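Let me begin by presenting the structure, written as structure tokens, before commenting on it.
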Amino acid sequence: MKPLSALSAAACRSIRGVFSDIDDTLSTSGRITSEAYAAMERLRSAGLLLIPITGRPAGWCDHIARMWPVDAVVGENGALYMRHDDCAGKLRKRYALSDEERRAGRDRLQRIAERILREVPGCALASDQPYRECDLAIDYCEDVPALPPAEVERILALMRAEGMKAKISSIHVNGWFGDFDKLAMTRRLLREEFDVDLGARRVEYVFVGDSPNDAEMFEFFPCSVGVANVRRFAARIATPPTYITEREAGAGFAELAEKLLAGR
């Protein structure tokens, strides 16, 4: 990973949008700091597209799309996107799964959750699970004492043994049924809402994140950035981000924003 200072001014001027993870990338110790929020405001005021790409639930995404200075949001690790149409005063939602698939999956997710809680003492359902529509989130360090890495891996293995796709974030292990992920839904969002073929124009966008569930985004975008705390997961990310900030979490996001804006 190269220091963010190695990103050229010419490259910064070519950037049209920023995609960002939320937990431990935009947030710091569970909070969006004034520094990070102001950085979001400045990026959007400068005309850059700004879209959080998160594992957080649909319920959060409804709020984020309506209230934050963003253009849209991808949630539940790619299960959905939401965009608020300010002119029409309406929230648009798109899901990777049909209504029937989401309904059918809820009992299955509940059964798997019960098994995991039984077999991995110390973990818990994520506090935001009631607001999820498509995935299961198991807390291993957000509202519970941090579990040892071997126990986190055990949660991951149990989900995969059930046939789920599963990813580790900085706070949760997320699992789901369905052929979706952060990158697939981001590409769909850009195509449907902004008429952008992201495959052809990936060099014009930055992704910033911090954990293994950001791996496909790090690999896809030539201009991928890890906030400094990504180092704690470096061994688990096959293709690490191209650049890394000096500062961690929300301060690292603000560092990236400053770099992009200074180069314009």
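The values are calculated or read from the model by the stated rules, or taken from the named source; none is laboratory data. Note that this is a predicted model, so its numbers are computed, not measured. Every residue, glycine as well, gets a Cβ built from its backbone with ideal geometry; the counts of neighbours run over all protein chains shown. Only protein heavy atoms, including side chains, enter the accessible area calculation; ligands, DNA and RNA are left aside. Shrake-Rupley method; radii C 1.70, N 1.55, O 1.52, S 1.80 Å.
Selection of strands (runs of 3 or more DSSP E) fully inside the range 1-93 by the criterion of at least 2 residues being in contact with a Lys or Arg (Cβ under 7 Å, 6 or more places away or on another chain) returns 49-52, 73-75, 80-85.
Considering every residue within the range 182-196, establish whether at least one is assigned to a loop (DSSP other than H, G, I, E, B), acidic (Asp, Glu) and surrounded by fewer than 17 Cβ atoms within 10 Å (Cβ to Cβ). Yes: one or more hits.
Among the candidates 187, 236, the residue that is at pLDDT 95 or above and either more than 23 Å from residue 149 (Cβ to Cβ) or not small (Gly, Ala, Ser) (or both) is uniquely 187.
On the stretch given as the range 86-104, residues that are within 22 Å of residue 45 (Cα to Cα) and open to solvent by less than 40 Å² (accessible area, probe 1.4 Å) total 1. Looking across the range 22-47, the residues that are closer than 22 Å to residue 263 by Cβ and either in contact with a helix residue (DSSP H, G or I) (Cβ under 7 Å, 6 or more places away or on another chain) or among the basic types (Lys, Arg) (or both) come down to 25, 26, 35, 36, 39, 42, 43, 44, 46.
Given the condition farther than 23 Å from residue 82 by Cβ, over 15 Å from the mean Cα position of the chain (by Cα) and surrounded by 14 or more Cβ atoms within 10 Å (Cβ to Cβ), answer yes or no: does some residue in the range 160-177 qualify? Among the residues of the range 160-177, at least one is farther than 23 Å from residue 82 by Cβ, over 15 Å from the mean Cα position of the chain (by Cα) and surrounded by 14 or more Cβ atoms within 10 Å (Cβ to Cβ), which makes the answer yes. Right, residue 136: in contact (Cβ under 8 Å) with a residue 24 or more places away in the chain and in contact with an Asp or Glu (Cβ under 7 Å, 6 or more places away or on another chain) or not? Here the answer is no, as residue 136 does not meet what is asked.
Of the numbered criteria (1) surrounded by 21 or more Cβ atoms within 10 Å (Cβ to Cβ); (2) in a helix (DSSP H, G or I); (3) among the aliphatic types (A, V, I, L, M), the one residue 117 fails is (1).
Taken over the range 10-36, residues that are open to solvent by 50 Å² or more (accessible area, probe 1.4 Å) and closer than 27 Å to residue 195 by Cα amount to 4. Sub-7 Å Cβ pairs linking a first residue in the range 39-66 that is open to solvent by 50 Å² or more (accessible area, probe 1.4 Å) to a second residue that is among the acidic types (Asp, Glu), at least 6 apart or interchain, are 60/128, ordered by first then second residue. Selection of first residues in the range 70-99 that are among the hydroxyl-bearing types (Ser, Thr, Tyr) and of second residues that are open to solvent by 10 Å² or more (accessible area, probe 1.4 Å), restricted to Cβ pairs under 6 Å at least 6 apart or on distinct chains, gives the following pairs, ordered by first then second residue: 81/94. Does the range 165-176 contain at least one residue that is in contact with a strand residue (DSSP E or B) (Cβ under 7 Å, 6 or more places away or on another chain), aliphatic (A, V, I, L, M) and more than 13 Å from residue 21 (Cβ to Cβ)? Yes; the residues of the range 165-176 include at least one that is in contact with a strand residue (DSSP E or B) (Cβ under 7 Å, 6 or more places away or on another chain), aliphatic (A, V, I, L, M) and more than 13 Å from residue 21 (Cβ to Cβ). From the list 153, 142, which one is assigned to a helix (DSSP H, G or I) and at pLDDT 95 or above? One residue alone meets the criteria, 153.
Restricting attention to the range 213-261 and to residues that are aromatic (Phe, Trp, Tyr) and under 17 Å from the mean Cα position of the chain (by Cα), the residue that is surrounded by the fewest Cβ atoms within 10 Å (Cβ to Cβ) turns out to be 220. When residue 238 is tested against (1) within 20 Å of residue 70 (Cβ to Cβ); (2) part of a loop (DSSP other than H, G, I, E, B), only condition (1) is not met.
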